[in-house]
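Here the structure comes first, spelled out in structure tokens, and everything after it is commentary.
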Amino acid sequence: MTKIKKVHARQVFDSRGNPTVEAEITLNNNIKASSIVPSGASTGAFEAHELRDNDKNYFLGKSVLKAVKNVNSVISEKIIGQDPNNQKNIDEILLNLDGTNNKKNLGANSLLAVSIAVRKASIILNNETYLNSNKTFSLPYPLMNIINGGAHADNDLNIQEFMIRPDSAKNFMDAIEKCFLVIQNLKKILKSKKFLTNVGDEGGFAPSLNSNEETLNFIVDAIEKSKLKPGLDISICLDVAANELIDDKGNYSIQSSNHETVDNVIKYYQNIVSKYPIKSIEDPFAEEDWNAWSKLTSAIGKNVQVVGDDLFVTNEKRLTKGIEGKSANSILVKVNQIGTLTETLNVIELAQKNNFSSVISHRSGDSEDTFIADLAVMTNSSQIKTGSLARSERVAKYNRLLRIEEELGNKAKMNIL
Ligand code: PGA
Ligand code: ZN
């Protein structure tokens, strides 16, 4: 039987230049695979723990040498000799070794690097391809981040991400072309209005805009200049990241510095959804404001995707609560919010069984690792959110999906929205 011969971690760097963990698995037939852990900026309070060294004199406290050491000592000791095809067993060992609810003992970054590297090794070992599988696969629709605000930019926009989704795309290359056209036209529009067109962490523009409506108008303009139909060819998706916008009284500043009650915010969302081709809103309220979420989902959830990111943090218990309370109708999936592949797959399965869509997502600090592109296809997820068509760590995921589309040949089709 093929066994895991070696588990080795090292400190490498993410797209923001911050230290992160890479783990490399070697099998006894010398097959090797590795995985790099991403890192967020607007992280939810209920995410699994990201272990950093907090030594102010080394990488400003951000180094991950403790997590690296955890992999190279306790984790490697237990994982060596195991079957790389038994992912459940691997992840159970990792969870037991950590022994805490939120992975604060060994760090979700150390567990995840190993968990995913093992899965990659088993894919190579079994020569698993999409084509030689007896399952059918489809490509996810990309949610491309085109304008940044909130914690992802230094402008006065409070909504964190304005994204586009190419709903009428016939295939993945067509999806990319439609997004490409809108991005290029948006760039021209911004330039003509003398805004800067430098890109932010996720590759979208971060012009010094301060009004949601002005931003939405620019996007609609860019869609029309691309000779595409807003709402039919391209819809707009928002990530409000409202955790960052709630005050002590439970009011929100969704636009400018106004602080509005939950009921007024719901009216505001209803208003912009009726005026603009907005088909998806992520984190419209903060992570503990469950009632507000349920109210909004009952008000607009029939026509609009309401996505829980910080609300669910890829966690089965929190998703179960959200399903029971009808708090949303979609889940954002980030592997490092939970820390093992098995838990990630379980949460996606639970979501899909309950008619929640699953949107596989990058982090604002990401890397050349393209596993999430495969994760989206393997799990039949309808959407992937992995930044704009800019910055190699983002484009790498889209390129991986194009390769998968090519591999599938005439069996390739788009998922269903
Ligand atoms: P993060 O942002 O990776 O900084 O958390 C992405 C998101 O909020 O979806
Ligand atoms: Zn989010």
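The values are calculated or read from the model by the stated rules, or taken from the named source; none is laboratory data. Computed from a prediction, not measured in an experiment: that's the story for all the values here. In this analysis, Cβ positions are derived from the backbone assuming ideal geometry, glycine residues included, and neighbour counts consider all displayed protein chains. Surface areas here come from the heavy atoms of the whole protein model, side chains and all, with no ligands, DNA or RNA. Shrake-Rupley method; radii C 1.70, N 1.55, O 1.52, S 1.80 Å.
The figures follow:
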item: Neighbourhood net charge (13 Å Cβ-Cβ; Lys/Arg +1, Asp/Glu -1) for ALA299; result: +3
item: Surface per residue (accessible, 1.4 Å probe) for the chain, Å²; result: 41 Å²
item: The range 4-125, dipole about Cα centre (Lys/Arg Cβ +1, Asp/Glu Cβ -1), debye to the nearest 20; result: 200 debye
item: Separation of alpha-carbon centers, the range 49-125 and the range 169-220, rounded to whole Å; result: 38 Å
item: Full-stretch length increase - LYS6, GLU260 - with 0.36 nm per residue and alpha-carbon distance subtracted; result: 85.9 nm
item: Over 30 Å between alpha carbons, listed pairs LYS227/LYS279; LYS120/LYS385; LYS194/LYS249; LYS279/LYS334; LYS249/LYS397; LYS193/LYS385; result: LYS194/LYS249; LYS249/LYS397
item: Spatial separation of Cα centroids for the range 288-363 and the range 380-417, in angstrom; result: 22 Å
item: Surface share of carbon and sulfur [accessible, 1.4 angstrom probe, percent] for the range 269-417; result: 47 percent
item: Protection proxy ranking, peptides 147-159, 389-401, 54-66, average beta carbon neighbours within 10 Å, highest first; result: 147-159, 389-401, 54-66
item: Net length gained if the chain between SER211 and ASN89 were fully extended (0.36 nm per residue, minus Cα distance); result: 38.9 nm
item: Positive-end extreme of charge dipole, the chain - chosen from LEU60, ASN155, TYR398 (charges on Cβ); result: TYR398
item: Net charge contributed by nearby residues that have their C-beta within less than 13 Å of ILE116 (K/R +1, D/E -1); result: -3
item: DSSP bridge pairs, the chain: antiparallel proportion in percent, nearest 5; result: 55 percent
item: Highest to lowest packing among 232-239, 256-263, scored as the average C-beta count within 10 Å; result: 232-239, 256-263
item: Span-like helix ranges in the chain, DSSP H, alpha carbon extent 24 angstrom or more, Kyte mean at least -1.0; result: 108-125, 172-192
item: Apportionment of accessible area to carbon and sulfur, the range 14-145, percent (1.4 Å); result: 47 percent
item: Charge dipole magnitude, Cβ of K and R +1, D and E -1 - the chain, Cα centre, debye nearest 20; result: 920 debye
item: Nearest-20 debye value, the range 54-188 charge dipole, Cβ charges on Lys, Arg, Asp, Glu; result: 140 debye
item: The chain, relative contact order in percent, only Cα pairs under 8 angstrom and at least six apart counted; result: 19 percent
item: Around ASN185: net Lys/Arg minus Asp/Glu count, Cβ-Cβ under 15 Å; result: +4
item: Leading residue at positive end of dipole, the chain (Cβ point charges), from ASN134, PRO166, ALA45; result: ASN134
